[in-house]
Amino acid sequence: MSIFSNNIRFLRAKRELSQQSVATELAISRVRYSKYENGISEPPIELLVKMSKYFHVSIDLLVSVDIHKYPMDEMLKLPDNRIVLPVAVDSLGNDTIEIIPQKASMGYLEGYSDVGYIESLQRIALPFLTNGKYRAFPADGDSMPPFRNGSFIVGKYVEGISELKPGKTYVFITLNDGITYKRFKEIKGNAVCVSADNSFYEPYDIPFNEIVEIWQYASGIFPEDFEPGDYESYNFKEMFRELKQDIKDLDRKVSKRRKPQA
């Protein structure tokens with residue numbers, strides 16, 4: 001028996017339907033449908049699409065996730081129909097949050113759609129975070145103070161780019177840059193313009209086709225205190241950035257003066 005055969009058997013039983021009634025809706029014989037439930041054969045892609053629409057479950061979910069483990073009303077389907085985000089709870093009924101480890105953050109790009117990978121992650125519960133799907137991502141670099149290496153950004157899953165709000169911060173999972181935490185500025189054509197809170201870094205655009213997931217900032221986890229001296233490093237970089245800009249402005253003025261008069 002495969003995951004797929006178990007899933008369609010489970011979905012049919014949940015609706016209290018007979019094999020014949022499902023087969024009739026799919027325009028196939030009961031014998032043919034029973035072979036799929038018994039794992040004797042697998043449906044062609046066009047029939048798999050039809051089954052997905054009939055049961056209102058994504059194809060990825062049908063063939064890769066043992067869905068009887070998760071209540072269907074506690075799953076969030078992603079808009080691109082590739083996988084689901086099960087909302088797991090602890091023994092007290094609190095929603096649990098998966099933590100992406102610091103040393104394996106790049107591995108998230110390979111495992112974000114692998115239910116086995118997600119289930120293997122450590123989890124915590126923050127009772128004040130409810131009504132949504134949350135995940136904790138490691139901070140990297142110094143572009144978004146007070147987050148620094150060793151801290152985590154807890155994000156709430158965002159279903160689409162249209163839900164982004166200017167001025168709010170988000171964790172963007174991208175194909176090229178991996179996990180990046182930035183403040184959303186605006187939509188520019190087929191890209192989102194983002195910026196760092198540390199003005200030493202320039203704003204930049206992330207093309208739509210490079211964005212895998214988006215998580216809106218919900219909370220932070222800081223294993224270490226943020227020392228006063230840490231701000232000094234940011235101030236130093238800001239002074240350096242301003243100095244570079246002053247040099248550019250001065251060079252521009254000098255270049256204008258050197259131009260020959262007509």
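The values are calculated or read from the model by the stated rules, or taken from the named source; none is laboratory data. Predicted model only: the values in this text are computed from it and were never measured. All Cβ positions, glycine included, derive from the backbone under ideal geometry; neighbour counts span all protein chains shown. Accessible surface areas use protein heavy atoms only, side chains included; no ligands, DNA or RNA. Shrake-Rupley method; radii C 1.70, N 1.55, O 1.52, S 1.80 Å.
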Inset, instruction - Can you tell me which residue within segment 166-202, out of those that are closer than 18 Å to LYS133 by Cβ and free of Cβ contacts under 8 Å to residues at least 60 places away in the same chain, is most open to solvent (accessible area, probe 1.4 Å)? - result: LYS168
Legend entry - Every residue from segment 119-138 that is assigned to a strand (DSSP E or B) and under 13 Å from ILE153 (Cβ atoms): TYR134, ARG135, ALA136, PHE137, PRO138
Inset, instruction - Among the numbered conditions (1) under 27 Å from SER120 (Cα atoms); (2) modelled with pLDDT under 90, tell me where PHE55 comes up short. - result: (1)
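Of everything in segment 4-23 that's among the hydroxyl-bearing types (Ser, Thr, Tyr) and part of a helix (DSSP H, G or I), which residue is surrounded by the most Cβ atoms within 10 Å (Cβ to Cβ)?
Let us first name the residues in segment 4-23 that are among the hydroxyl-bearing types (Ser, Thr, Tyr), namely 5, 18, 21.
Adding the requirement that they be part of a helix (DSSP H, G or I) leaves 5, 21.
Details: SER5: 17, SER21: 14.
The extreme case among them is SER5.
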Inset, instruction - Would you point out which residue out of GLY116, GLY141, GLY107 is under 18 Å from VAL212 (Cα atoms) and either assigned to a helix (DSSP H, G or I) or modelled with pLDDT under 80 (or both)? - result: GLY107
Inset, instruction - Please work out if GLY93 is at positive phi, at pLDDT below 85 and open to solvent by 30 Å² or more (accessible area, probe 1.4 Å). - result: yes
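State all residues of segment 38-61 that are part of a helix (DSSP H, G or I) and buried (at least 19 other Cβ atoms within 10 Å of the Cβ); if no residue qualifies, say none.
So the first thing to find is which residues in segment 38-61 are part of a helix (DSSP H, G or I), and the list is 45-55, 59-61.
Correct list: MET51, PHE55, LEU61.
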Inset, instruction - Tell me, please, whether a residue that is in a loop (DSSP other than H, G, I, E, B), over 21 Å from SER195 (Cβ atoms) and open to solvent by less than 20 Å² (accessible area, probe 1.4 Å) can be found in segment 148-159. - result: no
Inset, instruction - Residues being surrounded by 14 or more Cβ atoms within 10 Å (Cβ to Cβ) and modelled with pLDDT of 75 or more: count how many of those fall in segment 62-76. - result: 6
